[in-house]
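A.B. asks: Mind having a look at this structure? Questions to follow.
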Amino acid sequence: MKIHRFLYTLAAILMLSSCSITDSADFATDEVEFLDIEFRATVENSKLIEFRNQNAWEAFWNEHIDLHNPAISEFFPEVDFQRNWVAGVFWGQSSGCTSQANHGITGVGLMNAKAFINTTGMPYTGACRMIVHPRAFLVFPKTVKSAEVRWGED
């Protein structure tokens with residue numbers, strides 16, 4: 001009896017793993033907007049942070065830069081949190097030339113209002129030896145309820 005349950009479970013996993021979730025009829029990857037933010041955000045570990053409102057967005061950046069400095073806030077992108085939210089994908093610490101790592105996102109798909117963000121392993125950030133914290137910021141419409149990162153291999 002246990003072997004049958006195991007085989008059924010294994011068959012279900014194999015069937016689900018073969019499903020493509022890189023696109024669906026109600027959501028296209030070209031609907032995802034990347035925010036180009038050059039400011040450093042020293043997030044030490046690989047993680048996904050969801051920013052659902054302006055307070056959370058500003059609190060995060062207040063830890064890393066002074067948003068009240070007029071010179072910096074001029075370059076900081078506005079987000080319409082009434083209609084959207086932001087997923088911050090952070091790879092941790094590396095060495096390179098830049099922290100901008102939008103190219104580390106290899107695909108975005110949607111299943112049941114959940115975004116799946118596929119990534120490379122640690123993205124290439126240049127040949128410099130500076131400590132960087134590669135990250136990408138994606139803007140999703142509020143119709144997307146959550147996100148999950150599928151981390152690639154290094």
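The values are calculated or read from the model by the stated rules, or taken from the named source; none is laboratory data. Source: prediction; values computed, not measured. A quick note on method: Cβ atoms are made from the backbone with ideal geometry, for glycine too, and the neighbour counts reach across all protein chains shown. The protein model used for the area step is the full one, side chains on, heavy atoms only, and it has no ligands, DNA or RNA in it. Shrake-Rupley method; radii C 1.70, N 1.55, O 1.52, S 1.80 Å.
A.B. asks: Among the residues of region 63-77 satisfying the criterion of being within 30 Å of GLY107 (Cα to Cα) and open to solvent by 90 Å² or more (accessible area, probe 1.4 Å), which is modelled with the lowest pLDDT?
C.D. replies: PHE75
A.B. asks: For region 130-143: of the residues being assigned to a loop (DSSP other than H, G, I, E, B) and buried (at least 20 other Cβ atoms within 10 Å of the Cβ), which is modelled with the lowest pLDDT? Show your work before the answer.
C.D. replies: Initial filter on region 130-143 (assigned to a loop (DSSP other than H, G, I, E, B)): 133-134, 142-143.
Next cut, buried (at least 20 other Cβ atoms within 10 Å of the Cβ) only: 133-134.
On the way: HIS133: 73, PRO134: 79.
Among those residues, the one meeting the criterion is HIS133.
A.B. asks: Out of PHE90, PHE6, PHE60, report the one residue that is in a helix (DSSP H, G or I) and modelled with pLDDT of 70 or more.
C.D. replies: PHE60
A.B. asks: Starting from residues that are of a type in the set (Val, Ile, Thr) and over 18 Å from VAL149 (Cα atoms), keep the ones in region 78-129 and report whichever is surrounded by the fewest Cβ atoms within 10 Å (Cβ to Cβ).
C.D. replies: So the first thing to find is which residues in region 78-129 are of a type in the set (Val, Ile, Thr), and the list is 79, 86, 89, 98, 105-106, 108, 117, 119-120, 125.
Keeping just the survivors that are over 18 Å from VAL149 (Cα atoms) gives 79, 98, 125.
Working: VAL79: 18, THR98: 14, THR125: 21.
Once the filter is applied, the top-ranked residue is THR98.
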